[in-house]
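Shown next, in structure tokens, is the structure this report addresses.
Bear in mind these aren't lab numbers, they're just calculated from the coordinates by the rules spelled out. Fair warning: this is a prediction, and the values are worked out from it, not measured in the lab. A quick note on method: Cβ atoms are made from the backbone with ideal geometry, for glycine too, and the neighbour counts reach across all protein chains shown.
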Amino acid sequence: MASPLDDEEILNDDYYSLLNVRREATQDELKVAYRRLCMLYHPDKHRDPELKCQAEQLFNLVHEAYEVLSDPQARAIYDIYGKRGLDVEGWEVVERRRTPAEIREEYERLQKEREERRLQQRTNPKGTISVGIDATDLFDRYEEDYEDMVGGRVPHVEINKMHISQSIEAPLTTKDTAVLSGSLSTHNGNGGGTINLALRRVTSAKGWGELELGAGDTHGPLFGLKIFRNVTPRFFVTAQCGLQFSSRGMRPGITTVLARHLDKNTMGYLQWRWGIQSSMNTSIVRDTKSSHFTFAMQLGIPHTFVMMSYQYKSGFFGTVVEYGAERKISRHSVLGATVSVGVPQGVSLKIKLNRASQTYFFPIHLTDQLLPSAVFYATVGPLVFYLAIQQLIIRPYVRAQKEQDLEKQQESSASNVAKKKQEAESAVSLIILNAWYGKFVTDNSRKHERAKVIDVTVPLQCLVKDSKLILTEATKSGLPGFYDPCVGEEKSLKVLYQFHGVMHQVLSGDAEPLRIPKQCKSHVIAAQPL
């Protein structure tokens, strides 16, 4: 006899075949099939190691299938798109009660967002735009500027420097990546730009190699090769060789750097350079929250020097004080402003906007002196500007977006709302006003007899389904909430009900079938609505 574990046809993506149920299976049918298969494929029931491994795989597949099909929303997604529809990120935040049309629309939206994320992850675009603004003329104005001018002059604000850089990545294989980058810089009217293409291969978990091609307006074409290698977790080596082509000919060069983490805040470097300016350089750099220290010594042609610098980040001399704030203004955007006050650089305002992987930076130099007015305007100005933008642009935009989303949601769910409304109206269109069950005295000659009835209004209303009440040919004393008030005597069921605002009444024998409402008007006792 073949083992049930040998049935390889069950190992497929059809969850219905996996559970051996029809596509229209009810929740009860799914539960019965799931329990039966769990008992059949439970790993503890098999002693043979190979059979036990197969049983464990099948057990997990059965559990996965049941989890999907027992969830109404997940089952609707699976019925439309199969397993690939369940792989889309974002279903967990979607409202549980959705029609197939709404699920299809939501799937397409999530799929589009997923493709956009995949494209961004593949290309990994990064960009920076920095625009330096010199606004010192707003505060550093002297009296001699006004001697020959009536009423003064308009302050001069200029852009004195700009830097733009952009890079994108294109994965070629699991180990190879192409990187295209470019930059453009200008300062006080002078500047230049470069463009580079690099092909990088990851050789192992500890290193990579890179082939670089570049060109710029200040330098000729460049061909280079760079290798990086982690020797230990705290020690790494880089080696770079290149050929620079210019009007003076071809200039080769080699650079090797050995670097080691001396402690958490200190790095040591040993560099050897061969080329037009050959040198041997060693340096130690220590950077902490309160200070920055650099010691460097170089032996080379034509420059040989020893240099040491120390910067204390707080104190009276060379003090720099910075304060600022950041705020998320949209799903992918963060706006921040920082005020920098120090000696000898004066007062500066730095505005930064991060939009996805793009960075926009605007450093504004206000004054070379420590002027309270400059500090005040640098602090209050951005705040007032942000509040104005928030009230005039951001909030109206967000409000308009919410209204558009609400309109789309209402349009997409209009048919579903109408259907639900119709179901709600039909659910309450049949109302049991009063119902009695037992022995009724209707004959005048039997007025001396006492009626024996019980009130069954509530139990009968509970039996109403889809605005219909259907009772079969059986004694009604067996219905939920009923009992026999007069054993052995003839009994009837009297119902007073309202259907679409019209009063109806019916008297049915104990064993007679009953169906209300009736298409004919035999039950109607009032033509006018209540």
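The figures follow:
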read-out: Qualifying chymotrypsin sites (Phe, Trp or Tyr not before Pro) in region 293-388, DSSP loop, other Cβ atoms within 10 Å at most 13; value: 316, 317
read-out: Three-way shape label, region 12-81, alpha-carbon gyration tensor, a/c 1.5; value: prolate
read-out: Pairwise FRET efficiency - residue 68 versus residue 262, Cβ, R0 = 60 Å, nearest 0.05; value: 0.60
read-out: Local electrostatic count at residue 475 - Lys and Arg +1, Asp and Glu -1, tallied over other residues with Cβ under 12 Å; value: -3
read-out: Region 153-204: trypsin sites (Lys or Arg not before Pro) in DSSP coil with no more than 15 other Cβ atoms inside 10 Å; value: 153, 175
read-out: Kirkwood-Stokes translational diffusion coefficient of region 428-516, alpha-carbon pairs, 20 °C, 1.002 mPa s, µm²/s; value: 158
